[in-house]
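K.L.:
Quick one: structure below, then a few questions.
The values are calculated or read from the model by the stated rules, or taken from the named source; none is laboratory data. This structure is a prediction, so every number in the text was calculated from the model and none was measured. We place every Cβ from the backbone using ideal geometry, glycine too, and count neighbours over all the protein chains shown.
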Amino acid sequence: MTRLFINGLGASAGGGLTYLRNVIPHLAQKSDVHTTVLLNSALRREFGDATNISFVEIAASEGALLRLMREQTEIPALVRRSNAQVLISAGNFALWNSPVPQILLSRNSLYTSADFARDVQLRGDYAIWMDTLVKGWLARESIRRADVTVAPSAAFARELADWSGREVVSIHHGFDAQAFANDGAPLSAEIQSHIDQGRDAVRLLFVSHYNYYRNFETLFRAMPILSRRLKGKPVKLYLTCRLSATDNPGSYQTEAASGLLQDLKSDDLKSNDLKSKCEIVELGAVPYRSLHYLYRACHIYVSPAYAESFAHPLVEAMSTGLPVVAADLAVHREICGSAAIYFSRFSPEELADRVFRICESHELAENLSNNGLRRSQDFSWHEHVSRLLALAETLIRARAETRN
């Protein structure tokens, strides 16, 4: 039997939690694999029970750096106690003195992004800039100390390899379209009301908490340009966040984006050249089990992010048949291929143009939709777990040969 230990302490929200939610059930189906999962106590209820999955719970630490220090001192003993043969570190940082071979899962593109570094400095957010520098150094050292580093896309794997000087393996994250679409939890009455109010509008969707690298401001600046080109056709952009610091994880400052939004609303009110106005609707967080209804209620998915390592919402959007307009990143092109049309990442004019082209061409919209439905089927959590286990087996064999 193969025995794994997954350090999931870094998974508290977003992609990290999505990863554990999908990988653990697939590992539970492997009768010849026993997995010990270390996670925050508050997340234990997210997962059921399985005979070959053991959970070790630790109260959450305040801050990533404190968590990292805690991991370095406490996890080696936990790994030994579990009799694990391979450690999988799922939170961008490796255990520097792992007692067993280690697979590092690296998925944070901010550490390598020159755009992000420039952005936070221009915003004067030097606390985030310094935090990213420190974590970036730790992440690079982690790659050098892990036996194998895995990235969720080939484009990001190349970026990490150039940055660290070490080989990085690419294994796409998966997607389970049936599980995503089969939950019957409806949208809340408030959200459904917002959708109903936009029944005659071109409905755009962007699924993300607020942060700098998702490039909300370029998207906001594109809206009045798009509205003018649509010549009176109503257009609504739905966001799954609120532009308030208290409603978003992390320490990103929302004032600039919120101020831009208010300026656009003010300009809209003063404008006399539009028969109808564009509107940006802050829905707030939407439960994951209800998201598929929101995707299906919209016409086009937009992703202006300037840094990315995989982008689950793009796959979710494609699986529901939404045409995609995405920033022209190597990762976006790898994930979406011919299911999206692309724009220069800081150009609101190009973003508006790409959305307008879809609005004006039923054939283009249908082609993008069909291509997306096909492309979304290429992502499989079963395949992801199988490749991860194959890597683990390779490390186990190599360790055995070294001892012999």
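K.L.:
Of the residues that make up segment 298-308, is at least one acidic (D, E), in contact with a His (Cβ under 8 Å, 6 or more places away or on another chain) and not in a strand (DSSP E or B)?
P.N.:
Yes.
K.L.:
Kindly indicate the residue of segment 211-258 that is assigned to a loop (DSSP other than H, G, I, E, B), of a type in the set (S, T, Y) and closer than 21 Å to S347 by Cβ and also farthest from the chain's Cα centre (by Cα) among those meeting that condition. Talk me through it step by step, then tell me what you get.
P.N.:
Pass one, segment 211-258, residues assigned to a loop (DSSP other than H, G, I, E, B): 211-215, 231-234, 240-244, 248-254.
Now restrict to residues that are of a type in the set (S, T, Y): 212-213, 240, 244, 251-252, 254.
This time we only want the ones that are closer than 21 Å to S347 by Cβ, so: 212-213.
Values: Y212: 14, Y213: 11 Å.
Once the filter is applied, the top-ranked residue is Y212.
K.L.:
Can you name every residue in segment 136-154 that is more than 19 Å from the chain's Cα centre (by Cα) and either among the small types (G, A, S) or assigned to a helix (DSSP H, G or I) (or both)?
P.N.:
Matches in segment 136-154: W137, L138, R140, E141, S142, I143, R144, R145, A146.
K.L.:
How many of the residues making up segment 329-351 are buried (at least 18 other Cβ atoms within 10 Å of the Cβ) and small (G, A, S)?
P.N.:
Counting residues in segment 329-351 that are buried (at least 18 other Cβ atoms within 10 Å of the Cβ) and small (G, A, S) gives 2.
K.L.:
What single numbered condition from (1) surrounded by 19 or more Cβ atoms within 10 Å (Cβ to Cβ); (2) assigned to a loop (DSSP other than H, G, I, E, B); (3) not acidic (D, E) fails to hold for L110?
P.N.:
Here L110 clears every test but (2).
K.L.:
Let me ask something additional. Taking segment 222-233, which residues are surrounded by fewer than 19 Cβ atoms within 10 Å (Cβ to Cβ) and either at negative phi or not assigned by TED's automatic domain parsing to the domain that holds L260 (or both)?
P.N.:
I225, R228, R229, K233 - these are the residues of segment 222-233 that are surrounded by fewer than 19 Cβ atoms within 10 Å (Cβ to Cβ) and either at negative phi or not assigned by TED's automatic domain parsing to the domain that holds L260 (or both).
K.L.:
Report whether or not F93 is surrounded by 17 or more Cβ atoms within 10 Å (Cβ to Cβ) and modelled with pLDDT under 95. Steps first, answer last, please.
P.N.:
Values: surrounded by 17 or more Cβ atoms within 10 Å (Cβ to Cβ): yes; modelled with pLDDT under 95: yes.
In short, yes.
K.L.:
Now, a different point. How do the helices (runs of 4 or more DSSP H) wholly within segment 317-404 filter down when requiring 3 or more residues that are modelled with pLDDT of 95 or more and under 20 Å from the mean Cα position of the chain (by Cα): which remain?
P.N.:
330-336, 362-376, 381-403
K.L.:
List pairs: first residue in segment 169-193 and in contact (Cβ under 8 Å) with a residue 40 or more places away in the chain, second residue part of a helix (DSSP H, G or I) and among the aromatic types (F, W, Y) anywhere in the structure, Cβ distance under 8 angstrom, at least six positions apart or on different chains.
P.N.:
H173/Y19; H173/W381; G174/W381; F175/W381; D176/W381; P186/Y293; L187/Y293
K.L.:
In the set A181, A177, A157, A189, which member is aliphatic (A, V, I, L, M) and over 19 Å from the mean Cα position of the chain (by Cα)?
P.N.:
Details: A181 fails: over 19 Å from the mean Cα position of the chain (by Cα); A177 fails: over 19 Å from the mean Cα position of the chain (by Cα); A157 fails: over 19 Å from the mean Cα position of the chain (by Cα).
Among A181, A177, A157, A189, only A189 is aliphatic (A, V, I, L, M) and over 19 Å from the mean Cα position of the chain (by Cα).
K.L.:
Restricting segment 19-51 to residues that are crowded, with 17+ Cβ neighbours inside 10 Å and of a type in the set (S, T, N, Q), which is nearest to the chain's Cα centre (by Cα)?
P.N.:
Filtering first and then ranking leaves N22.
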